[in-house]
1. Please report Phe260, Phe66, Phe89 as a ranked list, fewest other C-beta atoms within 10 angstrom at the top and most at the bottom.
2. If I model a spin label as a point 7 Å beyond the Cα along the Cα-Cβ vector, how far apart are those points for Arg188 and Glu145 in nm?
3. So what is the relative contact order for the chain, in percent, with contacts set as C-alpha pairs under 8 Å and at least six apart?
4. Rounded to the nearest 20 Debye, what is the dipole magnitude of the range 3-125 about its Cα centre when Lys and Arg each give +1 and Asp and Glu each give -1 at the C-beta?
5. Would you mind checking the tilt of helix 73-88 against the longest principal axis of the Cα atoms of the chain, expressed as 0 to 90 degrees and rounded to 10?
6. Compute the length gained on full extension between Ala241 and Ala195: take 0.36 nm times their separation in residues and subtract their Cα-Cα distance, giving the result in nm to one decimal.
7. So, by mean Cβ neighbours within 10 angstrom, what's the order for 138-148, 214-224 with the highest one leading?
8. Tell me, in nm to one decimal, what length is gained between Ser72 and Glu256 on full extension, where the rule is 0.36 nm per residue of separation less the Cα-Cα distance?
Amino acid sequence: MNWLMAHRTAGIAATNLRTRLGISEDSYIDVFEALRRCGLAVRGDDEPGLFGLYFPAMPGRYGGIFLNSTMSEATIRHTAGHELGHAEFGHQRCVAEGLDPFSGLAPEKWPDEEKQAEAFAAWFLMPIRLVKATLLRLGLDIPREAMDVYQMSLHLGASYRGTLRHLRHLRLVDARTAGGWANVQPARLRARLSAKTEPTPPRIWDLTGLTEGSRLAVEEGDRLIVRAPWLGYDPEFAGPAPVQMRPMPYAVAPGEGAEFDIGGPIVSESPLTVTARASGETWSVTLVPTPRNHCGPLAAGRPDVLVGPASGARR
């Protein structure tokens with residue numbers, strides 16, 4: 001099986017599953033809720049030598065997946081989507097060892113089932129409607145630079161390189177451009193956004209008036225840069241307790257916006273509203289916590305977390 005066929009079959013399978021589960025294609029995809037509804041158990045643990053594991057259901061045993069909880073949220077989400085792909089295609093037990101298990105293989109040498117699962121993860125987490133909605137939210141028709149891809153990856157809940165690969169498959173980025181942007185390190189993009197800040201936050205959202213009303217799946221340690229000149233100097237804000245407004249923003253000039261740090265976990269869906277003192281104009285987004293179904297696999301120091309159905313298995 002070549003990659004073109006893998007993507008064709010995976011795109012159809014991903015669409016069918018979202019339709020079956022009633023998952024919207026217009027907003028962030030909660031892959032762990034999908035796993036739960038498919039009757040697959042999810043377990044996370046500190047296993048540095050393991051990328052992911054899928055095991056099918058057998059008599060007296062759930063089908064499920066095992067994840068390395070030391071990876072980033074985006075990587076864990078992608079791996080979960082990859083393992084869900086194995087389940088949807090009815091594959092047998094699949095184990096991927098190491099943090100980049102197929103990096104030593106040329107793309108055409110990947111096993112067929114891994115091609116299908118990898119393509120499924122991209123199509124399930126980044127359906128075309130969601131990709132286009134994200135571009136619109138960022139004021140783009142197509143990505144113009146690597147920074148655009150990085151910002152898209154945050155909104156999509158995907159890795160930078162995973163997003164870039166999918167944009168190439170969607171023909172929104174040509175092969176030559178994608179090859180160049182693949183060499184850009186996200187750390188360099190974050191450093192560019194954070195200006196003088198040390199240390200650089202692990203994730204930085206670059207937001208404008210167009211992103212108002214968005215739902216942002218944020219993590220502890222994130223920084224939000226709000227470029228909104230109408231907010232003026234020293235705007236007021238209302239939001240959950242972990243959100244802190246930086247008194248001396250670096251990425252925006254005084255009077256051109258505001259910056260916020262997420263100083264702790266967001267435990268429930270909460271609005272963040274910024275209000276101009278002079279005019280009363282507002283800018284608002286909704287902060288969405290890490291989905292409860294994967295708090296366990298993500299939390300370092302919380303081994304042996306099992307999330308799954310009370311009984312039964314889909315396969």
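What follows is calculated from the coordinates using simple rules that are stated; it is not laboratory data. Since the model is a prediction, treat every value here as computed from it, not as a measurement. Backbone-built Cβ (ideal geometry, glycine too); neighbour counts: all protein chains shown.
1. Working: Phe260 24, Phe66 20, Phe89 15.
Least crowded to most crowded, the residues run Phe89, Phe66, Phe260.
2. Taking the two extended label points, one gets 1.3 nm.
3. 20
4. On the way: 11 positive and 17 negative charges, 93 e Å.
It comes to approximately 440 debye.
5. Taking the Cα atoms of the chain, the angle to 73-88 is about 30 degrees.
6. Values: separation 46, 0.36 × 46 = 16.56 nm, distance 2.55 nm.
Taking Ala241 through Ala195 to full extension adds about 14.0 nm, to one decimal.
7. Details: 138-148: 16.1, 214-224: 19.5.
Ranking the peptides 138-148, 214-224 by packing returns 214-224, 138-148.
8. Values: separation 184, 0.36 × 184 = 66.24 nm, distance 3.17 nm.
Gain on stretching Ser72 to Glu256: 63.1 nm.
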